[in-house]
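First the structure, in the form of structure tokens, and then the observations on it.
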Amino acid sequence: MITDIYYFSGTGNSLYVAKELHNRIPDSRLIPIVALLNRRSKKANKNIETTAKTIGIVFPCHGLTIPIPVKKFLKCLDLTSSEYLFAITTRGGSVFRGFVAIDKILHKQGTSLDSSFIINMALNDPKLKSFTIPSSEELDAIEKIVQVKLNLIQDIIINHKSYHDNTSGVTFSRFNTINYILERLVPFAVHHVAPKVKNYFYADSKCTGCGICEKVCLSQKIRIVNDRPVWQKKKTCYMCYTCLNYCPTQSIQIYSKFYMKSFTKKKGRYLHPYARVKDIVIQKVDPITP
């Protein structure tokens, strides 16, 4: 029985989890979500079809919810053949509200998630105050926990068990009312406000024009013009921070118009130890790994 594992990953955490799961589940296929969305855009927006009985989605937590491309993908995925659905999110430790969002989309096809999992990994958002570059010892400790969690996930998926992780985590404050409001505003901002903000990303004087940011940009928003990256206005940013974290000179920064300053100049960057530029780029061009 075929299992399709669809994945989206900006800096490698979710890619690593998806690959590990692919190696653990017999007759599974590893399929990049971005490649399918790109293919769909060339086929007059036809639905994405699958014949798999077991279907899973692996992705990072973006602003407490699911990433922009994952939402787009779920809305056009035909689940007629499915018998078991699961979702896995990787996060830095924040509360997560994305499984509810997924079920709202799935409800339109008369189904819902049979299992949902959270895997805590290194934080890859350098604009946050809590961001630090993990040491090798910290990465080793995370890896041990991830492997234990993957053993659990493997057993649950193969045996089609019902299971749902606790989605609680770090909140904004100790006041429930504030958390309630912000936990709804932040996902809205990530999906509808931030991608449209002019100059949210910019390249400072350290930019060498190497073009890596254009290569890894999963939304194809970045173009190199006169040896400088340009974020095209008409393209929707996926807010994956791939360009930010993969820039070899750390020249790409995030600028806040509200605070009138950059939050990322002196924060360093994080990439999963096993993720390389080619691993990210292949999400745009490689439809299926058998």
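What pairs can you find where one residue is in segment 166-178 and in contact (Cβ under 8 Å) with a residue 12 or more places away in the chain, the other is among the aliphatic types (A, V, I, L, M) and in a loop (DSSP other than H, G, I, E, B), and their Cβ atoms are less than 8 Å apart, with a gap of 6+ or different chains?
What qualifies is Thr167/Val95; Ser168/Val95; Gly169/Val95; Val170/Val95; Thr171/Val95.
Looking at segment 99-123, which of the residues that are surrounded by fewer than 20 Cβ atoms within 10 Å (Cβ to Cβ) and more than 21 Å from Ile156 (Cβ to Cβ) is farthest from the chain's Cα centre (by Cα)?
Gly110
Select from segment 240-290 the residues that are outside any loop (DSSP other than H, G, I, E, B) and among the basic types (Lys, Arg) and write down the one among them that is modelled with the lowest pLDDT. Full working, then the answer.
The initial filter retains those residues of segment 240-290 that are outside any loop (DSSP other than H, G, I, E, B), namely 242-246, 252-256, 261-262, 277-284, 289.
Filter once more, so that each one left must be among the basic types (Lys, Arg): 261, 278, 284.
Values: Lys261: 64, Lys278: 94, Lys284: 92.
Applying the filter and picking the extreme gives Lys261.
Considering only residues that are of a type outside the set (A, V, I, L, M) and in contact with a helix residue (DSSP H, G or I) (Cβ under 6 Å, 6 or more places away or on another chain), look in segment 10-37 and name the one that is surrounded by the most Cβ atoms within 10 Å (Cβ to Cβ).
First pass over segment 10-37, keeping only residues of a type outside the set (A, V, I, L, M): 10-14, 16, 19-20, 22-24, 26-29, 32.
Within this subset, residues satisfying the condition of being in contact with a helix residue (DSSP H, G or I) (Cβ under 6 Å, 6 or more places away or on another chain) are 10-11, 20, 24, 28, 32.
Details: Gly10: 29, Thr11: 25, Glu20: 17, Arg24: 15, Ser28: 22, Pro32: 25.
For segment 10-37, the residue satisfying everything is Gly10.
Hey, among Ile153, Ile133, Ile145, which residue is of a type in the set (A, V, I, L, M, F, W, C), touching a Leu at 6+ places or on another chain (Cβ under 8 Å) and modelled with pLDDT of 90 or more?
Details: Ile133 fails: touching a Leu at 6+ places or on another chain (Cβ under 8 Å); Ile145 fails: touching a Leu at 6+ places or on another chain (Cβ under 8 Å).
Step by step, each of Ile153, Ile133, Ile145 is checked, and only Ile153 is of a type in the set (A, V, I, L, M, F, W, C), touching a Leu at 6+ places or on another chain (Cβ under 8 Å) and modelled with pLDDT of 90 or more.
If I filter segment 58-98 down to residues being assigned to a loop (DSSP other than H, G, I, E, B), free of Cβ contacts under 8 Å to residues at least 60 places away in the same chain and of a type in the set (A, V, I, L, M, F, W, C), which single residue comes out as surrounded by the fewest Cβ atoms within 10 Å (Cβ to Cβ)?
Restricting to residues being assigned to a loop (DSSP other than H, G, I, E, B), free of Cβ contacts under 8 Å to residues at least 60 places away in the same chain and of a type in the set (A, V, I, L, M, F, W, C), the top hit is Leu79.
Report yes if some residue within segment 39-51 is in contact (Cβ under 8 Å) with a residue 60 or more places away in the chain and either touching a strand residue (DSSP E or B) at 6+ places or on another chain (Cβ under 8 Å) or surrounded by 23 or more Cβ atoms within 10 Å (Cβ to Cβ) (or both); otherwise report no. Before the answer, list the steps.
From segment 39-51, those in contact (Cβ under 8 Å) with a residue 60 or more places away in the chain are 39; that's our starting set.
Subsequent filtering for residues that are either touching a strand residue (DSSP E or B) at 6+ places or on another chain (Cβ under 8 Å) or surrounded by 23 or more Cβ atoms within 10 Å (Cβ to Cβ) (or both) retains none.
Scanning segment 39-51 turns up no residue that is in contact (Cβ under 8 Å) with a residue 60 or more places away in the chain and either touching a strand residue (DSSP E or B) at 6+ places or on another chain (Cβ under 8 Å) or surrounded by 23 or more Cβ atoms within 10 Å (Cβ to Cβ) (or both).
Mind listing whichever residues of segment 102-126 are in contact with a Lys or Arg (Cβ under 9 Å, 6 or more places away or on another chain) and either modelled with pLDDT of 95 or more or not hydrophobic (A, V, I, L, M, F, W, C) (or both)?
Filtering segment 102-126 down to residues in contact with a Lys or Arg (Cβ under 9 Å, 6 or more places away or on another chain) leaves 102, 105, 108, 114-115, 117-121, 123-124, 126.
Scanning segment 102-126 gives Ile102, Ile105, Lys108, Asp114, Ser115, Phe117, Ile118, Ile119, Asn120, Met121, Asn124, Pro126.
Return the total of residues in segment 184-211 being farther than 21 Å from Pro69 by Cα and β-branched (Val, Ile, Thr).
Result for segment 184-211: 1.
Whether any residue in segment 209-224 is surrounded by 17 or more Cβ atoms within 10 Å (Cβ to Cβ), farther than 20 Å from Leu123 by Cβ, of a type in the set (S, T, N, Q) and touching a residue at least 40 places away in the same chain (Cβ under 8 Å) is what I want to check.
yes
The values are calculated or read from the model by the stated rules, or taken from the named source; none is laboratory data. Quick caveat, the model's predicted, so the values are computed rather than measured. Please note: Cβ atoms are built from the backbone with ideal geometry, for glycine as well, and neighbour counts cover all protein chains shown.
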